[in-house]
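The values are calculated or read from the model by the stated rules, or taken from the named source; none is laboratory data. The structure displayed is predicted, hence computed values, not measured ones. Note: ideal-geometry Cβ built from the backbone for every residue, glycine included; neighbour counts use all protein chains shown.
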Amino acid sequence: MDNKVDLKNFTLEELEVFLAGQGKEKYRARQIFKWLYQKDAATFEEMTNISKELRRELAESAFISSLAPETVEVSRDGTRKYLFRLADGNSIESVLIPEEDRSTLCISSQVGCAMACEFCLTGTFKFTRNLTTAEIVNQVCAVKREAEVRNVVFMGMGEPLANLENVIRALKIIISPDGMQFSSRRVTVSTAGLVPEMGLLGKEVAVNLAVSLNATTDELRDRLMPVNRRYPLAELLAACKRFPLPARRMITFEYVMINGVNDSIDDAKRLVRLISHIPAKVNLIPFNEHEGCSYRKPEQEAIDRVHKFLLDKHITVITRSSRGADISAACGQLKGKLEKICSNSE
Ligand code: SAH
């Protein structure tokens, strides 16, 4: 497969260009795209509305990659964690959080992560590499084979905006009416706060944006999330304000609550002030404890107090329940192949 191209790395437009380069008609791209993403075709032979001749030619210059989970762990609450082995031996994880009629799939965008957030298990390991477009979309293709996926969130391993080109391509495939046909309302990209890339994302695709805020002063955020030293709160919130939100949509601010660190009413007050000029909702995420970090989860009363304070200020707030904690599938617990490194060093 050395010099063959993986068709799953192409958006529809890029597939058109590729086919044009081979002297083929443009409309073929749409047909092939539908085979890839609506019928989950694994081979060119399956593409029966395409001539044998073209199928043979395609097979000479291109291939169709796919991922199959190496393991699937199922949590007591039904959350499923998929471990995928990549062609180069690295591995990544995706998590499916089933809910009656709106299962959410949380996918990874990188192997490891370079953001080094102090509280995040992925962040305590080194960055290995960006995922390709194909590796990102294939997580969705694989899980769709065995479960209905309603929402897709880029909240797994990695910082999606640090892999912007591939994430944008993957988003275009995921929301394309000729591709995976997800409504753009059901797709969310979560960022630690890469300000220039937020602007670029907003120009390219109209998906939902979530921003991991996690602290309300630069002093604390500098410590928790080193990215804040590059793009401090004022710049980050200005970028949120500029973000081209479609009508009636809001930016989600994720706020990981850590016991005694950022869970006071003063934090809540500052939070309200910071986001007051932005159409915003808040996701409170009780810190998930892990062996990589001495922080503790907040007291239930602290969560309730902050939750109620935000509600009283008319802010839409949800406190995220810690789904999948028993299989290390909860927020900030994904580590892919790094699992091995960890158990080897124990
Ligand atoms: N890099 C992106 C997406 C991955 S993290 C981002 O930073 O948004 C997804 C969410 O998990 C982020 O909001 C992050 O703050 C949160 N998170 C990380 N570690 C956590 C932990 N141990 N407990 C709870 N949430 C955590």
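Filter the range 300-331 down to the residues that are within 16 Å of the ligand (Cβ to nearest atom) and of a type in the set (V, I, T), then identify the one that is farthest from L83 (Cα to Cα). First the steps, then the outcome.
Here is the first cut: in the range 300-331, the residues within 16 Å of the ligand (Cβ to nearest atom) are 300, 302-303, 306-307, 317-331.
Imposing the further condition that a residue be of a type in the set (V, I, T) reduces the set to 303, 306, 317-319, 327.
Values: I303: 32, V306: 35, V317: 31, I318: 28, T319: 27, I327: 12 Å.
The selected residue is V306.
Could you look through the range 111-132, keep only residues that are of a type in the set (V, I, T) and assigned to a loop (DSSP other than H, G, I, E, B), and pick out the one that is nearest to the ligand (Cβ to nearest atom)? Outline the logic, then answer.
So the first thing to find is which residues in the range 111-132 are of a type in the set (V, I, T), and the list is 111, 122, 124, 128, 132.
Imposing the further condition that a residue be assigned to a loop (DSSP other than H, G, I, E, B) reduces the set to 128, 132.
Details: T128: 15, T132: 18 Å.
The qualifying residue nearest to the ligand (Cβ to nearest atom) is T128.
When you look at F10, is it in contact with a Phe, Trp or Tyr (Cβ under 8 Å, 6 or more places away or on another chain), surrounded by 20 or more Cβ atoms within 10 Å (Cβ to Cβ) and among the hydrophobic types (A, V, I, L, M, F, W, C), yes or no? Spell out the reasoning first.
Details: in contact with a Phe, Trp or Tyr (Cβ under 8 Å, 6 or more places away or on another chain): yes; surrounded by 20 or more Cβ atoms within 10 Å (Cβ to Cβ): yes; among the hydrophobic types (A, V, I, L, M, F, W, C): yes.
Answer is yes for this residue.
Of the numbered conditions (1) buried (at least 20 other Cβ atoms within 10 Å of the Cβ); (2) under 29 Å from K335 (Cα atoms); (3) out of contact with any Ser or Thr (no Cβ under 6 Å at 6 or more places or on another chain), A280 fails exactly one; give the number of that condition.
(2)
For the range 178-220, enumerate the residues that are part of a helix (DSSP H, G or I) and of a type in the set (D, E, K, R).
R185, R186, E197, K203, E204, D218, E219
When you scan the range 5-104 for helices (runs of 4 or more DSSP H) that lie fully inside it, which ones turn up with 3 or more residues that are touching a helix residue (DSSP H, G or I) at 6+ places or on another chain (Cβ under 9 Å) and either at pLDDT 95 or above or of a type in the set (V, I, T) (or both)?
Details: elements: 12-21, 27-37, 52-61.
Correct list: 12-21, 27-37.
Give me the residue from the range 143-165 that is part of a helix (DSSP H, G or I) and out of contact with any strand residue (DSSP E or B) (no Cβ under 6 Å at 6 or more places or on another chain) and, out of that set, surrounded by the fewest Cβ atoms within 10 Å (Cβ to Cβ). Give the steps one after another, and end with the answer.
Taking the range 143-165 as the starting set, the residues that turn out to be part of a helix (DSSP H, G or I) are 143-144, 160-165.
Now narrow it down to the ones that are out of contact with any strand residue (DSSP E or B) (no Cβ under 6 Å at 6 or more places or on another chain): 144, 162, 164-165.
Working: K144: 15, A162: 19, L164: 20, E165: 11.
Selected residue: E165.
Looking only at the range 136-146, filter to residues that are out of contact with any helix residue (DSSP H, G or I) (no Cβ under 8 Å at 6 or more places or on another chain) and at pLDDT 95 or above; which one of those is farthest from the ligand (Cβ to nearest atom)? Give the steps one after another, and end with the answer.
So the first thing to find is which residues in the range 136-146 are out of contact with any helix residue (DSSP H, G or I) (no Cβ under 8 Å at 6 or more places or on another chain), and the list is 139, 142-146.
In the following step, the residues that additionally are at pLDDT 95 or above were identified as 139, 142-145.
On the way: Q139: 14, A142: 20, V143: 18, K144: 21, R145: 24 Å.
Ranking the qualifying residues of the range 136-146, first place goes to R145.
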